[in-house]
Amino acid sequence: TLSSRLDKVFASLRGRGRLTDADIDATAREIRVALLEADVALPVVRGFVAAVKERARGAEVSASLNPAQQVIKIVNEELVAILGGGTTTLRYAKTPPTVILLAGLQGTGKTTLAGKLGRWLKAQGHTPLLVAADLQRPNAVNQLQVVGARAGVEVFAPEPGNGVGDPVRVARDALAHAHRQVFDVVVVDTAGRLGVDEEMMRQAADIRDAVSPDEILFVLDAMIGQDAVATASAFADGVGFSGVVLTKLDGDARGGAALSVAQVTGRPIMFASTGEALDDFDVFHPERMASRILGMGDVLTLIEQAEKAFEAEQAEAMAAKMVASEFTLEDFLEQMLAVRKMGPIGNLLGMLPGMGQMKDQLAQVDDRDVDRVVAIIRSMTPTERRDPRILQASRKARVARGSGVTVTEVNQLLDRFAEARKMMRQMAGGMGMPGGMGRAK
Ligand code: GDP
Ligand code: MG
């Protein structure tokens with residue numbers, strides 16, 4: 001499996017300081033083989049592996065993760081990105097009803113999906129109508145009626161003897177019915193064939209033209225594996241679609257089809273179906289699918305925890321340093337120079353966490369001000385900078401002369417410094433630091 005393959009590669013990487021080209025190549029080879037075994041289509045595998053190699057090469061050596069974890073993280077991030085990054089929601093029509101057309105091969109789970117969608121939409125506060133536009137199989141209409149009843153959603157079906165055999169007319173009539181009866185979402189179930197054929201594509205396209213859907217969902221059986229690309233391409237050409245629904249994810253398919261179809265069509269996967277029951281259904285979560293394809297959900301969680309722990313450690317170390325070390329005039333100078341480098345003070349203040357208290361201090365800083373502060377502090381001896389309390393009148397006069405300012409200006413600086421130091425102490429003591437950075441002394 002992919003999991004054990006990656007495990008093997010990463011075991012050999014473990015403990016090294018940085019990724020070498022040889023490491024990356026070896027890893028890339030294994031990922032390639034493993035993805036093919038997970039039934040990801042070959043061109044998709046090629047593109048994917050190239051992207052991962054590129055990123056692994058440019059990646060800085062992370063302080064929080066070992067090389068193995070780093071590669072897994074990159075692979076995972078690329079997977080999630082191709083799978084859409086986040087969840088994708090339905091686009092509802094500005095003027096109802098929103099029309100959703102379902103297309104896909106026979107047996108992929110369209111009719112079941114109609115029921116699931118109906119129930120889901122209802123839970124979201126919508127008033128859906130399911131439309132039986134599959135007139136190909138004798139009991140298709142009845143199947144939708146059963147599913148609709150179970151979901152508690154109305155089904156529009158052709159009257160016996162009226163419009164039988166004409167799915168386009170049924171779809172059109174259903175739309176008129178939805179307008180009259182204030183259904184705000186119309187889900188149109190269509191016929192499928194076991195294989196792609198022209199007649200089926202034409203029928204789906206005819207229905208599409210008759211109802212101008214807001215969303216066309218291509219329903220794909222996750223077990224289809226390598227055929228996913230050819231099937232998806234045929235539907236993209238023949239009918240077109242705006243989103244994908246993956247079904248039968250409760251099976252043991254690794255999910256390679258998801259990666260293939262997302263990459264090749266560029267359409268988002270919107271929903272996932274995980275069983276025959278109406279509740280076995282959810283919006284699609286790329287991160288979950290990525291860990292499924294990798295077969296490494298636990299490893300990914302560990303990586304996340306390692307990174308979080310590292311960040312917390314760093315924050316604590318910084319807070320501890322602030323408490324332990326004396327905040328000196330030189331730190332003060334450095335801080336002001338840093339602030340000046342960052343641009344207009346006013347813009348900046350709002351962006352700094354925990355800096356609200358410093359606002360008055362910092363607001364007084366302008367460029368000339370900083371230059372004056374630099375001059376004053378540089379006119380002090382190192383001992384004076386470390387402990388300004390020793391600055392008596394004669395020393396102040398010397399500093400003022402040396403930096404070309406008045407004694408009053410020296411005093412103002414010392415007052416501001418004393419204020420700033422108090423702030424730093426308070427912040428380090430946990431009064432103003434964000435998110436657990438501060439610690440009680
Ligand atoms: P259609 O031909 O595309 O309309 O597909 P159906 O909705 O009739 O589903 C075909 C079969 O697949 C039925 O037996 C469904 O119960 C089953 N099915 C649909 N979705 C899922 C799913 O997510 N998981 C599993 N295990 N079975 C499903
Ligand atoms: Mg059906």
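Which trypsin sites (Lys or Arg not before Pro) does segment 56-154 hold that lie in a coil by DSSP with at most 12 other beta carbons within 10 Å? Walk me through the intermediate numbers first.
Numbers: sites: R57, K73, R91, K94, K110, K116, R119, K122, R150; in loops: R91, K94.
Sites meeting the loop and neighbour criteria: R91, K94.
Which whole-Hz couplings ³J(HN,Hα) result when phi for each residue of segment 83-90 is put into the Karplus expression 6.51 cos²θ - 1.76 cosθ + 1.60, θ = phi - 60°, listed in order with x for Gly and Pro?
Going residue by residue, I get 6, x, x, x, 6, 10, 9, 5 Hz, with x marking Gly and Pro.
Assuming R0 = 60 Å, can you tell me the calculated FRET efficiency for the pair N142 and V370, based on Cβ-Cβ distance, to the nearest 0.05? Kindly include the intermediate steps, with their values, before the conclusion.
Values: r = 81 Å, r/R0 = 1.35.
The value I calculate is 0.15.
Enumerate by residue number the GluC sites (Glu not before Pro) in segment 42-119 meeting two conditions: DSSP loop (anything except H, G, I, E, B), and at most 15 other Cβ atoms within 10 Å of the site's Cβ. Intermediate results must be reported in sequence, preceding the final value.
On the way: sites: E54, E60, E77, E78; in loops: E60.
When the GluC sites (Glu not before Pro) of segment 42-119 are filtered for loop state and at most 15 Cβ neighbours within 10 Å, E60 remain.
Normalising by the residue count of segment 98-284, find the relative contact order in percent from Cα pairs under 8 Å and 6+ residues apart. Intermediate values should be presented prior to the final figure.
Working: 376 pairs, mean separation 47.6, N = 187.
Averaging sequence separation for qualifying contacts and normalising by length gives 25 percent for segment 98-284.
Would you kindly state how much longer the chain becomes between K122 and D166 on full extension, computed as 0.36 nm times their sequence separation minus their alpha carbon distance, in nm to one decimal?
Values: separation 44, 0.36 × 44 = 15.84 nm, distance 2.82 nm.
So the extension gain works out to 13.0 nm.
Between R386 and R288, how high is the FRET efficiency from 1/(1 + (r/R0)^6) when r is the Cβ-Cβ distance and R₀ = 41 Å? Nearest 0.05. Working shown, then result.
Working: r = 56 Å, r/R0 = 1.37.
Step by step, r from the Cβ atoms, then E = 0.15.
At a 10 Å Cβ-Cβ cut-off, how would you order S291, S273, fewest neighbours first?
Values: S291 20, S273 25.
So the ranking, lowest neighbour count to highest, is S291, S273.
Amide H neighbours of V185 under 5 Å, counting only residues 5+ apart in sequence or on other chains, H built in-plane at 1.01 Å?
Hits under the 5 Å cutoff: T98, T127, L129.
State the Cα centre-to-centre distance between segment 238-292 and segment 167-194 in whole Å.
24
Could you list H179, H285 in order of exposure, starting from the residue whose Cβ has the fewest other Cβ atoms within 10 Å? Spell out each step's value before the answer.
Details: H179 12, H285 16.
The most exposed by this proxy come first: H179, H285.
To make sure I understand, if each residue's beta carbon is the centre and we count other beta carbons within 10 Å, what order do D189, D415, D369 fall in, fewest to most?
Working: D189 30, D415 10, D369 14.
In order of increasing Cβ crowding within 10 Å: D415, D369, D189.
Every number in this text was worked out from the coordinates using simple rules, so none of it is lab data. These figures come from a predicted structure and were not determined experimentally. All Cβ positions, glycine included, derive from the backbone under ideal geometry; neighbour counts span all protein chains shown.
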